[in-house]
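A short write-up of the structure that comes next.
The values are calculated or read from the model by the stated rules, or taken from the named source; none is laboratory data. Bear in mind the structure is a predicted one, so any value in this text is a computation, not a measurement. Cβ coordinates were reconstructed from backbone atoms using ideal geometry, including for glycine residues, and neighbour counts include every protein chain displayed.
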Amino acid sequence: MGPPSEVDTDQRPFVLIWEVTQACDLECEHCRADAQPDRHPLELDTVEGKALLDEAARFDENQLVVLSGGDPLSRDDVPELIEYGTDLGLRMTLTPSGTSSLDPAVIDDLANAGLKRLAVSIDGSTEAAHDTFRGEPGTFEQTLDAATYAKQQGIPLQVNTTVTQETVDDLPELADLVEALGAVLWSVFFLVPIGRGRILDPVSPERAEDVMNWLLTQATERDFGVKTTEAPHYRRVAMETNRSAEKPAANTDLIGRRGGVRAGDGFAFVSHTGTVFPSGFLPLSAGSVRETSLVELYRDSELFQSLRDENLFRGKCGACEYRNVCGGSRSRAYAYTGDQLESDPLCPYVPEGYDGPLPNQVLDYEEGVEADD
């Protein structure tokens, strides 16, 4: 599967995430899933999981599938599921928690099963910062050990980092760590206030813009790629930056001009119990894979179709000339306004000639008032 621009996102997602469980031993401050120690009795079982992977292969035999959680390694059938998906031709990847469950023996099993990429979360460049954010001592060391061993076993490494007021000043040191680990990709997630993430403070729209400009520099100067999650206006920033450059960079232009991935448009999420959402951060359901084909839900449901129609977007997102390459975070729009088609409040950009409401101040999620930055 090529980049998003080469995928017809009306027909299939670029990224399909299956939350195989919500069980996890960590208590991360930003956890979308409100993860807990015990597995849910109604989780999709191994047979149902393999049927889900069969459905994924109907999208495309090279479909990207991410097994997430919770901690997916709370299930003992993950290597079996990865091997099954690999045999179907799927690109199977995994986002485990940084716990002792990810030991060398398990990593060997994952490698032998055909795992195409391991994505670990690192939210602090030091043990103290990361372990505090993750809510469990020792996770920093365990994550680095696992990442190093996986790289030695030939598994490509991705690092995921959450941007909040608490973590933003640490990003330069984190970038150094990502490079030192030999990661192929740094995925930078801009907070959406759901789950335990409601208690965290997001960065301001202006600070987010600064971070995106800085990330563009990292993308051109570092040995790893950079992508953003729930911040599609990174592509708008890239296009503006490249347009104003004396000598436009081809790779920066590519970041900015290709079609992107956002909730419901190139992205789909299947919960541990089989419920299908546009994203794990947008809690609106299109249905259940236990009742309806995943392919049908993605392609034909009213919810997913509306999220792929930029002409339905409201406010300044709807008026924006970049809506076809950006479109704003539909998840964040819903979290703050209750309307998934409203404007993304993290983006400070105002389209020329637009004179409507300007939701470019991030609001306090619980109180509905402007938060101090």
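Look at residue 176 and say whether it is surrounded by fewer than 15 Cβ atoms within 10 Å (Cβ to Cβ), under 29 Å from residue 346 (Cβ atoms) and touching a residue at least 24 places away in the same chain (Cβ under 8 Å).
Considered against the rule, which asks whether it is surrounded by fewer than 15 Cβ atoms within 10 Å (Cβ to Cβ), under 29 Å from residue 346 (Cβ atoms) and touching a residue at least 24 places away in the same chain (Cβ under 8 Å), residue 176 comes out as yes.
Sort out which residues of region 214-226 are surrounded by fewer than 18 Cβ atoms within 10 Å (Cβ to Cβ) and within 14 Å of residue 163 (Cα to Cα), and write them in order of number.
214
What single numbered condition from (1) out of contact with any Asp or Glu (no Cβ under 9 Å at 6 or more places or on another chain); (2) small (Gly, Ala, Ser); (3) assigned to a loop (DSSP other than H, G, I, E, B) fails to hold for residue 85?
All conditions are met except number (3).
Just wondering, is there one or more residues in region 59-78 that are of a type in the set (Ser, Thr, Tyr), in a helix (DSSP H, G or I) and either in contact with a helix residue (DSSP H, G or I) (Cβ under 9 Å, 6 or more places away or on another chain) or surrounded by fewer than 22 Cβ atoms within 10 Å (Cβ to Cβ) (or both)?
Within region 59-78, none of the residues are of a type in the set (Ser, Thr, Tyr), in a helix (DSSP H, G or I) and either in contact with a helix residue (DSSP H, G or I) (Cβ under 9 Å, 6 or more places away or on another chain) or surrounded by fewer than 22 Cβ atoms within 10 Å (Cβ to Cβ) (or both).
Scan the helices (runs of 4 or more DSSP H) fully inside region 116-215 and keep the ones with 2 or more residues being of a type in the set (Gly, Ala, Ser) and closer than 22 Å to residue 68 by Cβ.
Counting at least 2 such residues, we get 139-152.
Of the conditions (1) closer than 30 Å to residue 89 by Cβ; (2) over 22 Å from the mean Cα position of the chain (by Cα), residue 145 fails just one. Which one is it?
The number of the failed condition is (1).
Filter region 240-258 down to the residues that are closer than 28 Å to residue 305 by Cβ and buried (at least 20 other Cβ atoms within 10 Å of the Cβ), then identify the one that is modelled with the highest pLDDT.
255
Checking residue 186 against (1) touching a Phe, Trp or Tyr at 6+ places or on another chain (Cβ under 7 Å); (2) surrounded by fewer than 19 Cβ atoms within 10 Å (Cβ to Cβ); (3) modelled with pLDDT of 95 or more: exactly one of these is not met. Which one?
(2)
Listed here are the residues, each with its yes/no results for (1) modelled with pLDDT of 95 or more; (2) at positive phi; (3) touching a Pro at 6+ places or on another chain (Cβ under 7 Å); (4) charged (D, E, K, R).
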site: 260; (1), (2), (3), (4): no, no, yes, no
site: 270; (1), (2), (3), (4): yes, no, no, no
site: 276; (1), (2), (3), (4): yes, no, no, no
site: 291; (1), (2), (3), (4): yes, no, no, yes
site: 294; (1), (2), (3), (4): yes, no, no, no
site: 303; (1), (2), (3), (4): yes, no, yes, no
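Would you call residue 97 surrounded by 22 or more Cβ atoms within 10 Å (Cβ to Cβ), within 17 Å of the chain's Cα centre (by Cα) and farther than 18 Å from residue 224 by Cβ?
Yes; evaluated as a whole, the condition is true for this residue.
Do we find that residue 123 is crowded, with 17+ Cβ neighbours inside 10 Å, under 19 Å from residue 187 (Cβ atoms), acidic (Asp, Glu) and touching a Ser or Thr at 6+ places or on another chain (Cβ under 6 Å) in this structure?
yes
If residue 343 satisfies all but one of (1) over 21 Å from the mean Cα position of the chain (by Cα); (2) of a type in the set (S, T, N, Q); (3) not in a helix (DSSP H, G or I), what's the number of the condition it fails?
Checking residue 343 against (1) over 21 Å from the mean Cα position of the chain (by Cα); (2) of a type in the set (S, T, N, Q); (3) not in a helix (DSSP H, G or I), the one that fails is (1).
Within region 132-139, can one find any residue that is touching a residue at least 24 places away in the same chain (Cβ under 8 Å) and touching a strand residue (DSSP E or B) at 6+ places or on another chain (Cβ under 6 Å)?
No.
Could you tell me which numbered condition residue 224 fails, if it satisfies all but one of (1) modelled with pLDDT of 95 or more; (2) over 20 Å from residue 186 (Cα atoms)?
Only one criterion is unmet by residue 224, namely (2).
Please work out if residue 282 is at pLDDT 95 or above, under 19 Å from the mean Cα position of the chain (by Cα), among the hydrophobic types (A, V, I, L, M, F, W, C) and closer than 25 Å to residue 52 by Cβ.
Here the answer is yes, as residue 282 does meet what is asked.
For region 1-50: of the residues being modelled with pLDDT of 75 or more and under 16 Å from the mean Cα position of the chain (by Cα), which is surrounded by the fewest Cβ atoms within 10 Å (Cβ to Cβ)?
The extreme case among them is 15.
Being in a helix (DSSP H, G or I) and either hydroxyl-bearing (Ser, Thr, Tyr) or surrounded by fewer than 18 Cβ atoms within 10 Å (Cβ to Cβ) (or both) is the filter here, so list the residues in region 304-340 that pass it.
Listed by number, the residues that qualify are 305, 306, 311, 312, 319, 331, 334, 336, 337.
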